[in-house]
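Asker: There's a structure below that I have some questions on.
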Amino acid sequence: MKRITAALLAMVMAMVSLQGCYGKMALTKKVYQVNGQVGDKFLRSLVTWAFIIVPVYQVSALVDFVVFNTIEFWSGRNPVAQGEKAFQYSENGDTFRVHAHKSGDVLRYTFNRYHGDTYLDTLTVDWNVKTGNSVAVLREGNDVMQFQAIRSKGGVQVTTSTPGALNPGGQIAALYQ
């Protein structure tokens, strides 16, 4: 009797949990992105083998398959993928890899620009959706420029912490309506 009960329980759990077997597989994609961020192709290959031997990919795929895709099936949202989008587009020979992430009231947009396989620069914009204030950081090699836009009555005040970016330690006020 215990075997029949265990078999029925296993079948019911499988029927309920495997309903969402096709989903975003967001956790597995995140693990794959970690591996993809390794710059050297030989080291990346070594990390891939390590992730296979240590079963990082297998465990993340199993957790995605059984837990997160089931949650996605029943709720319509994958808790791992929630609030993140990534895409790329090309223009005039440059490729822009865009990653958007929402955490609380802050939206972070990261734009990585490449010309062919050559990395050029990164622009990161943090925008607070409640206050409307934002901070942008542009990294070109060793040069870093930071800008801040703060809403004020009747306009937006843009400042830079990088001397000489706009004018030495200067500010520019832009009005909006």
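Asker: Taking H as built 1.01 Å from N, whose amide H comes closer than 5 Å to the amide H of Asn133, not counting residues under 5 places away?
Answerer: Asn128, Arg151
Asker: What trypsin sites (Lys or Arg not before Pro) does segment 36-78 have in DSSP loop regions with at most 15 other beta carbons within 10 Å?
Answerer: Values: sites: Lys41, Arg44, Arg77; in loops: Arg77.
Taking segment 36-78 and a limit of 15 other Cβ atoms within 10 Å, the loop trypsin sites (Lys or Arg not before Pro) found are Arg77.
Asker: Let me ask something else about it. Under 23 Å Cα to Cα from Lys30, which lysines show up? Leave out anything in the same chain fewer than 8 places away.
Answerer: By straight Cα distance, Lys30 reaches Lys41, Lys85, Lys102.
Asker: Now for a separate question. According to a simple spin-label model (label point 7 Å from Cα along Cα-to-Cβ), what is the distance in nm between Ser103 and Arg139?
Answerer: Result for the modelled spin labels: 1.5 nm.
Asker: Could you work out how much longer the chain between Ile4 and Phe111 gets when fully extended? Use 0.36 nm per residue separation minus the Cα distance between them, nm to one decimal. Working shown, then result.
Answerer: On the way: separation 107, 0.36 × 107 = 38.52 nm, distance 5.60 nm.
That works out to 32.9 nm of additional length.
Asker: List every residue whose amide H lies under 5 Å from the amide H of Leu120, counting only residues 5 or more places away in sequence or on a different chain, with H placed 1.01 Å from N in the peptide plane.
Answerer: Arg113, Tyr114, His115
Asker: Equivalent ellipsoid semi-axes for segment 101-161, as square roots of 5 times the alpha carbon gyration tensor eigenvalues: give them largest first, rounded to whole Å. Numbers along the way, then the final one.
Answerer: Working: eigenvalues 127, 44, 11 Å².
Largest first, segment 101-161 gives 25, 15, 8 Å.
Just so you know, all these numbers are worked out from the coordinates, no wet-lab data involved. Quick caveat: nothing in here was measured; it's all calculated off a predicted structure. Cβ coordinates were reconstructed from backbone atoms using ideal geometry, including for glycine residues, and neighbour counts include every protein chain displayed.
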